[in-house]
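Chemist: Please read through the structure below; I'll follow up with questions.
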Amino acid sequence: MDFQLMLLTIGVSFILAVIAAPLLIPLLRRMKFGQQVREDGPKSHLKKSGTPTMGGVVIVLAFTLAFLKFAPVKNTDFYVLLVATLGFGLIGFLDDYIKIVARRSLGLTARQKLIGQLVFAAIMSFLLIQNGHSTEISVPGTDFGFDFGGWFYYPFIVIMMLAISNAVNFTDGLDGLLSGVSAIAFGAFAIVAMQATSLPAAVCAAAMIGAVLGFLVYNAHPAKVFMGDTGSLAIGGAIGAIAIVTKTELLFLVIGGVFVVEMLSVVIQVISFKTRGKRVFKMSPIHHHFELSGWSEWRVVITFWAVGLLLAGLGLFIYKGL
């Protein structure tokens with residue numbers, strides 16, 4: 001029955017996204033909510049300037065309706081997942097809105113974005129504390145776990161949510177890249193959630209699978225719409241929250257390995273440039289490095305999807321071996 005519920009959730013969310021996107025895209029065009037392309041980026045991206053962005057509204061809408069409809073119980077896990085996805089999505093929406101409507105290219109300041117993320121991560125922590133959430137952290141692939149208590153665990157998951165949401169955000173840079181990689185990661189976490197008997201987390205993952213795949217119909221190369229921070233931060237919030245409620249916090253490092261590498265490439269690039277005055281990559285995040293190395297955009301995307309699929313499979317193999 002749970003498997004049927006998952007398929008139904010995916011199907012409904014997918015249909016909602018497929019229907020909503022063509023209604024939203026013309027509206028975004030009329031409102032001139034167009035993408036601003038980095039001048040220092042790959043020259044092939046200049047033609048993308050003006051492509052409608054903030055399409056992540058479609059993902060959030062499809063996800064929310066499907067999740068509210070099919071979540072079997074409205075327990076703590078349910079509210080944690082909802083707060084994480086909608087809260088981080090709201091931060092992304094405000095960032096996109098300021099960039100496009102207020103014509104402030106940087107959107108929210110780094111401090112404003114950080115405060116917003118901390119607020120919603122703190123709300124998640126409060127809900128988990130109230131429910132007596134386990135503070136033990138298991139090491140994937142082993143029987144080993146450690147529990148330093150709430151004083152360590154809750155700051156840890158707050159930092160984890162910040163890191164994951166930003167890592168996912170860095171991955172959004174090529175047509176269909178984040179949509180495809182996140183669908184694969186959510187697929188793996190859906191299986192993990194069912195094994196962990198957390199139906200809200202399983203339905204959350206299923207609702208996101210349908211939403212991002214429905215969005216991918218219009219986001220695949222050449223993209224008719226971009227998700228913006230609205231979509232990427234909502235996706236990051238959902239993935240992070242699923243890992244937390246299913247007690248697979250460290251397993252994200254495997255299943256979400258593509259996101260981890262994308263973030264590390266940015267960190268390495270910044271540290272190298274500030275300390276040595278040299279760049280390690282032609283451009284970061286790392287997907288742009290491959291583009292500037294002569295790979296076509298579609299080749300980069302397909303390769304990253306394949307790597308994401310392999311890592312998802314490895315993550316499930318490790319999880320079932322615990």
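Chemist: Expressed in nm to one decimal, what extension gain is obtained for the pair PHE126 and THR197 from 0.36 nm per residue of sequence separation less their Cα-Cα distance?
Modeler: Result: 23.3 nm gained on full extension.
Chemist: OK, next. Of LYS113/LYS274; LYS113/LYS320; LYS99/LYS224, which sit over 26 Å apart, Cα to Cα?
Modeler: LYS113/LYS320
Chemist: What residues of the range 220-264 lie in the reach of a label at VAL73, counting those whose backbone N is under 18 Å from a point 7 Å from the Cα along Cα→Cβ?
Modeler: Residues 242-248 fall inside that zone.
Chemist: Can you give me the relative contact order of the chain as a percent, contacts being Cα pairs under 8 Å and 6 or more apart?
Modeler: 27
Chemist: Follow-up. Calculate one ³J(HN,Hα) per residue across the range 156-162 by plugging θ = phi - 60° into the Karplus curve 6.51 cos²θ - 1.76 cosθ + 1.60, and present them in order as whole Hz with x for glycine and proline.
Modeler: Ordered by residue, 3J(HN,Hα) equals 4, 6, 5, 4, 4, 5, 5 Hz.
Chemist: Still on this structure, I have one more. Mind putting a number on the dipole of the chain about its Cα centre? Charges go on the C-beta only, +1 for Lys and Arg and -1 for Asp and Glu, and I need it in Debye to the nearest 20.
Modeler: In debye, rounded to 20, the chain gives about 1200.
Chemist: Something else about it: Order these peptides, 166-173, 147-154, by their mean beta-carbon neighbour count within 10 angstrom, highest first.
Modeler: The densest-packed peptide leads the list: 166-173, 147-154.
Chemist: What FRET efficiency, computed as 1/(1 + (r/R0)^6) with R0 = 41 Å and r the Cβ-Cβ distance, is obtained for LEU27 and ILE271, rounded to the nearest 0.05?
Modeler: After rounding, the FRET efficiency stands at 0.50.
Chemist: Could you tell me which of SER198, ILE239, LEU311 has its Cα farthest along the dipole of the range 187-320 towards the positive end, charges placed at Cβ (Lys, Arg +1; Asp, Glu -1), taken about the Cα centre?
Modeler: LEU311
Chemist: If packing is taken as the average number of other Cβ atoms within 10 Å across a peptide's residues, how do 126-138, 221-233, 10-22 rank, most packed first?
Modeler: Listed from highest to lowest mean packing, they are 221-233, 10-22, 126-138.
Chemist: Nothing charged except the Cβ atoms of Lys and Arg (+1) and of Asp and Glu (-1): what's the magnitude of the dipole of the range 68-117 about its Cα centre? Round to the nearest 20 debye.
Modeler: With Lys and Arg at +1 and Asp and Glu at -1, about 180 debye.
Chemist: Once you place label points 7 Å from the Cα toward the Cβ at PHE146 and LEU118, how far apart are they in nm?
Modeler: 2.5
Since every read-out is calculated from the coordinates, none of them should be taken as a lab result. This structure is a prediction, so every number in the text was calculated from the model and none was measured. All Cβ positions, even for glycine, are placed from backbone atoms using ideal geometry, and neighbour counts span all protein chains on display.
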